[in-house]
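These notes are about the structure you will find just below.
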Amino acid sequence: MMLMAWIFLGVPDIDLALMPILHHRSIITHSILPALVFLILGRSLGAAPIAGALIGISVHLACDMLSPMVGFAQIWLPQPFLIPLGPLSYLWLGANVLVGYVLALRLAMASLHPGIAVPFAVALSGVTGAAYGALNEQSAAAVMVSVLFPLMTAGWLFLRSRTKAA
Ligand SMILES: [Zn+2]
């Protein structure tokens, strides 16, 4: 899980290598799509690596929300459109981060002991965010979003399971 979180942390920015078609911060790589492709291709590996991949991508997208949405920081549609989403970029990133964490926490709960699954996933996300923030020199905010988002998601999942049980 940890290895995949670190590998997939960098995956959204492979759009830099595909610049002629995709533009940086492409909507295709800046989404949970790469993790879903991995989910289909790597199903035999089990739930843990896929949870890690989702955490890596979610950390990256959450940190990308920290930059003001102008120019290259926005989410871009691929060729032949090549237009930016503007303020909708926040909505796109936020929605993908939330879905990413819901799936990641579910998979973590399936592969780890229920008592440690959520703390482990939140800690992994926080550490990954700290590393990513250090690389991008925005550490404090990066750690905060990386811890806050999975915590909020875990809280929401918890409340939902309680209302279901009641
Ligand atoms: Zn990015």
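The values are calculated or read from the model by the stated rules, or taken from the named source; none is laboratory data. Nothing here was measured: the structure is a model prediction, and the numbers come from that model. So basically every Cβ, Gly included, is an ideal-geometry build from the backbone, and we count neighbours across all protein chains shown. The area values use the complete protein model at the heavy-atom level, side chains included, leaving out ligands, DNA and RNA. Shrake-Rupley method; radii C 1.70, N 1.55, O 1.52, S 1.80 Å.
In table form, for the structure just shown:
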| quantity | calculated |
| --- | --- |
| Any chance H60 is under 10 Å from the mean Cα position of the chain (by Cα), at pLDDT 90 or above and assigned to a helix (DSSP H, G or I) | yes |
| Any hit, the stretch 100-110, residues being surrounded by fewer than 20 Cβ atoms within 10 Å (Cβ to Cβ) and within 21 Å of H30 (Cα to Cα) | yes |
| Selection from the stretch 19-29 of residues that are over 15 Å from N96 (Cβ atoms) and within 13 Å of the ligand (Cβ to nearest atom) | L22, H23, H24 |
| Criterion violated by P150 - all others in (1) under 17 Å from the mean Cα position of the chain (by Cα); (2) open to solvent by 90 Å² or more (accessible area, probe 1.4 Å) satisfied | (2) |
| For A121: the one exception among (1) closer than 15 Å to A48 by Cβ; (2) open to solvent by 50 Å² or more (accessible area, probe 1.4 Å) | (2) |
| Residue tally, condition within 16 Å of the ligand (Cβ to nearest atom) and out of contact with any helix residue (DSSP H, G or I) (no Cβ under 8 Å at 6 or more places or on another chain), over the stretch 30-58 | 1 |
| So L93, is it away from the ligand (no atom under 16 Å from the Cβ), in a helix (DSSP H, G or I) and not small (G, A, S) | no |
| Test: L105 is within 22 Å of V127 (Cα to Cα), more than 14 Å from the ligand (Cβ to nearest atom), under 10 Å from the mean Cα position of the chain (by Cα) and modelled with pLDDT of 90 or more | no |
| Per-region count, the stretch 7-38, residues in a helix (DSSP H, G or I), at pLDDT 90 or above and open to solvent by 40 Å² or more (accessible area, probe 1.4 Å) | 6 |
| Residue in the stretch 59-75 that is open to solvent by less than 50 Å² (accessible area, probe 1.4 Å), in contact with an Asp or Glu (Cβ under 7 Å, 6 or more places away or on another chain), within 12 Å of the ligand (Cβ to nearest atom) and hydrophobic (A, V, I, L, M, F, W, C) present | no |
| Pair list, Cβ < 6 Å and 6+ apart or interchain, from the stretch 12-30 residues that are touching a residue at least 40 places away in the same chain (Cβ under 8 Å) to residues that are open to solvent by 50 Å² or more (accessible area, probe 1.4 Å) and within 12 Å of the ligand (Cβ to nearest atom) | H24/L16; H24/F72 |
| Filter result for V70 (more than 19 Å from L39 (Cα to Cα), free of Cβ contacts under 8 Å to residues at least 40 places away in the same chain, out of contact with any Leu (no Cβ under 8 Å at 6 or more places or on another chain) and not acidic (D, E)) | yes |
| Tally, over the stretch 79-94, of residues that are surrounded by fewer than 17 Cβ atoms within 10 Å (Cβ to Cβ) and of a type in the set (A, V, I, L, M) | 4 |
